[in-house]
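Data block below; observations after.
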Amino acid sequence: MPELAHLRSYEHLKLVADPRRLAILQQLMAQPATLTQLGQALGEHPAWIRHHLRRLEQAGLVEMVEARRTHGFQERYYRARAGGYLLQELILPQTSGRPVIVFSGSHDLAVERLAAELAQHVDVLTLPVGSLNGLANLRLGLGHLAGCHLLDPQGEYNLSFIRSLFPDRAVHVVTLAHRTQGLMLRPDNPKHIRSLADLARPDVIFLNRNPGSGTRLWLDRELALAGILASAIRGYERHVNTHTACARAVAAGEADAALGLQASAADEGLAFLPLFHERYDLVIPDDQLPLVQPLMDTLATGAFRRWGTSLAGYELAHAGEEMRL
């Protein structure tokens, strides 16, 4: 069975960015071919093919697999070294003496604050893709730390998911905050929404979070337990990536309700129905600890913890505590 390979180096990306070399590579993924056959398929002279094929061969993307003598001439057959290629590369700015930290995972207001605190000395780039996708990005090397709040069937947050994704890699799991989530509702709650069951009412418009987010996974589990069909909820398929975007949409009247952080609801002056309290953790591979140490140092300061007390529904008493896997 043909395998899929990663293109991780910048040199590989430059090679396949040329549409001519990409066309040759795609032909050789399908089946082995000679210079003559490639020239006929692409409408190019074999000498032109040879030039680009040599570049691909030197980069280790294609290889010669057979030499046949036909009508007195020796023909060489080439093929791609993988059945397909996946492009993955983290491209970061180059700044002298200024570190760049990439955070990928669940959106969190405290993470935003940490980034702001470090802004004078460190660039913290954030990618709010949800808890599951954040851990997957970290596993693939597309980030330096991730944030997650994933509840497993046994009632434990995050650890079982991290063990599953990093069975062979040492990581640190550090608590950032405990926080309250619930239904963010329009001011004064004019639709009188009192529970998740009310989301299925025909007069209620809901705004969802992105698939893979811990908030979305919690909601789907609770709907299933309550026997509420997602298809019965108006707006279930419409989603945004952050708690802030949810709160702003409700405040603008684009939705009657969204599931999210109490702090985000308070920032927009929304009504709020608390539903659960959760632990939010940071996940850091051991080899990235030196790079993210400035963030960890800021997390441990009294100033940061005092700021956390101003966030509705946030508790930072255990911020910085490490958990053993």
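Compute the label zone of residue 303 within segment 106-134: residues whose backbone N is under 20 Å from the point 7 Å along Cα-to-Cβ. Under 20 Å, as judged by backbone N against the label point of residue 303, lie 109-125 of segment 106-134.
With semi-axes defined as the square roots of five times the eigenvalues of the C-alpha gyration tensor, the equivalent ellipsoid of segment 256-325 measures 28, 15, 11 Å, largest first. Here the calculated FRET efficiency for residue 14 and residue 252, from their Cβ-Cβ distance with R0 = 35 Å, stands at 0.20, rounded to the nearest 0.05.
Given R0 = 45 Å, the distance between the Cβ atoms of residue 54 and residue 95 translates into a calculated FRET efficiency of 0.80. Extension gain for residue 241 to residue 169 (0.36 nm times residue separation, less C-alpha to C-alpha distance): 23.1 nm.
The calculated FRET efficiency for residue 325 paired with residue 276, based on their beta-carbon distance and R0 = 35 Å, is about 0.90. Per residue, the accessible area of segment 103-216 comes to 38 Å² when a 1.4 Å probe rolls over the protein heavy atoms.
The values are calculated or read from the model by the stated rules, or taken from the named source; none is laboratory data. Everything numeric in this text was worked out from a predicted model, so none of it was measured. No Cβ is skipped: glycine too gets one built from the backbone with ideal geometry, and neighbour counts run over all protein chains shown. In case anyone asks, the SASA skips ligands and DNA or RNA and just uses the protein heavy atoms, side chains included. Shrake-Rupley method; radii C 1.70, N 1.55, O 1.52, S 1.80 Å.
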